[in-house]
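See structure below.
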Amino acid sequence: MLRIAIQKSGRLSEGSRKLIAESGIEVEQIGARLRSAAYNFPLELLYLRDDDIPQYVADGVVDAAIVGRNIVREREAEVSVIRDLGFGRCRLSLAVPKAFAYNGPQSLQGAKIATSYPTILGGYLSSRGVSAEIQVISGSVEIAPTIGLGDVVCDLVSSGSTLMSNGLVEVETILESEAVLIASPTLSGEKAAILEKFLFRINAVLRARNTKYITLNTPNDSIARIVELLPGMKSPSVLPLNIPGWSSLHTVVSEDDFWVIVEKLKGAGAQGILVLPIEKVIE
Ligand code: ATP
Ligand code: ZN
């Protein structure tokens, strides 16, 4: 049995549950409970505050967890980061009031910086030879300058709209973060084997999220040009259509290149382009 912690309620909860569900792991409905077991996989889920998670993993209270890289770095916990999970993206940034004359990190010399991330911020400042006063606060960091708790803030940002509405301007990114899978570095053989299976499923789900299945029809004399445009997993399948001189082409493309490729495909004579979601990609 592998015990995995996820955030109980917050920005990572939904993404974590969804990843587990898409991995084909069915979990008991939780209600107000703190833990639940999976029906069809040797896994137990614990629902915790994200701040506590790295320590629980380091202490072996849970075997693995899904948590923001920002929290892992801040806690400096002895855990292995297994892989990035592609959701919960944000950045830890420095932001200054509009009137602050910012010309690089040196401008922060002697400033008072409000943050919930004193360890990461401290490391950043000392690596740039800046000495500033760090004011640790646990929430609503963005209002600190307004209430006189600091001249500058160091906080998590995703769109930047919270900063903007508080009259702050983002000036430096200190850390790029997203949800990561972490594990205890000292798992027993049995637990390590379950983690391996869990990871195999997650890999299949995440690969699929980033890919689309494309089918299209093309005159035979355009096949060569179209194949050149398709960076598929291997070469595309080409099947004859029931109309002489035409074929149907099937392949997989990455979400990132998708729109660019579709435009080029049309330009090269492709017709009836269908795009389908992929549920899992096993390599
Ligand atoms: P908890 O009750 O578990 O302590 P919290 O309020 O500390 O929750 P959330 O605000 O739910 O935490 O954020 C959880 C994680 O979501 C963050 O640590 C970070 O990794 C990620 N995240 C993504 N976007 C943002 C954002 N715009 N602001 C804050 N965190 C973000
Ligand atoms: Zn928290």
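Values quoted throughout were computed directly from the atomic coordinates according to the rules given, and no laboratory measurement underlies them. As the structure is a prediction and not an experimental result, all values here were calculated from the model. Cβ atoms come from the backbone with ideal geometry, glycine included; neighbour counts cover every protein chain shown.
Structure summary
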| item | result |
| --- | --- |
| ³J(HN,Hα) computed for each position of the stretch 92-99 - Karplus, 6.51 cos²θ - 1.76 cosθ + 1.60, integer Hz, glycine/proline x | 8, 10, 8, 9, 10, x, 3, 7 |
| Label-point gap, in nm, between K266 and T119 - each point 7 angstrom along Cα→Cβ | 5.1 |
| Computed over the stretch 60-194, the ratio Rg/Rh where both radii use C-alpha atoms and Rh is Kirkwood | 1.06 |
| Residue list for the stretch 92-114, given a label point 7 angstrom along the Cα-to-Cβ vector of I143 and an amide N cut-off under 20 Å | 95-98, 113-114 |
| Among Y102, Y47, Y117, residue whose mean-square fluctuation peaks in a GNM of the chain (springs only between Cα atoms under 10 Å) | Y102 |
| Under 5 Å, built H, 5+ apart or other chain: amide partners of A111 | E133 |
| 20 Å cut-off, amide nitrogen to a point 7 angstrom out along M164 Cα→Cβ, residues in the stretch 118-145 | 141-145 |
| Rg/Rg_globular for the stretch 210-277, with Rg_globular taken as 2.2 N^0.38 Å and Rg from C-alpha atoms | 1.00 |
| Selected from P54, P145, P231 as most flexible by GNM, with the chain as the system and alpha-carbon contacts under 10 Å | P231 |
| The stretch 69-166: trypsin sites (Lys or Arg not before Pro) in DSSP coil with no more than 15 other Cβ atoms inside 10 Å | R89, K98, R128 |
| Counting all C-alpha pairs of the stretch 139-283, share separated by more than 24 Å (%) | 60 |
| Antiparallel DSSP beta bridges within the chain, percent to nearest 5 | 75 |
| For the chain, built as a Gaussian network whose Cα springs stay under 10 Å, the top-fluctuating residue of E263, E170, E22 | E263 |
| At 1.002 mPa s and 20 °C, Stokes diffusion of the stretch 165-227 via Kirkwood alpha-carbon radius, µm² per second | 122 |
| Under 5 Å, built H, 5+ apart or other chain: amide partners of S247 | T218, N220, L241 |
| Radius, Kirkwood style, for the chain when every pair of distinct Cα atoms is counted (Å) | 22.1 |
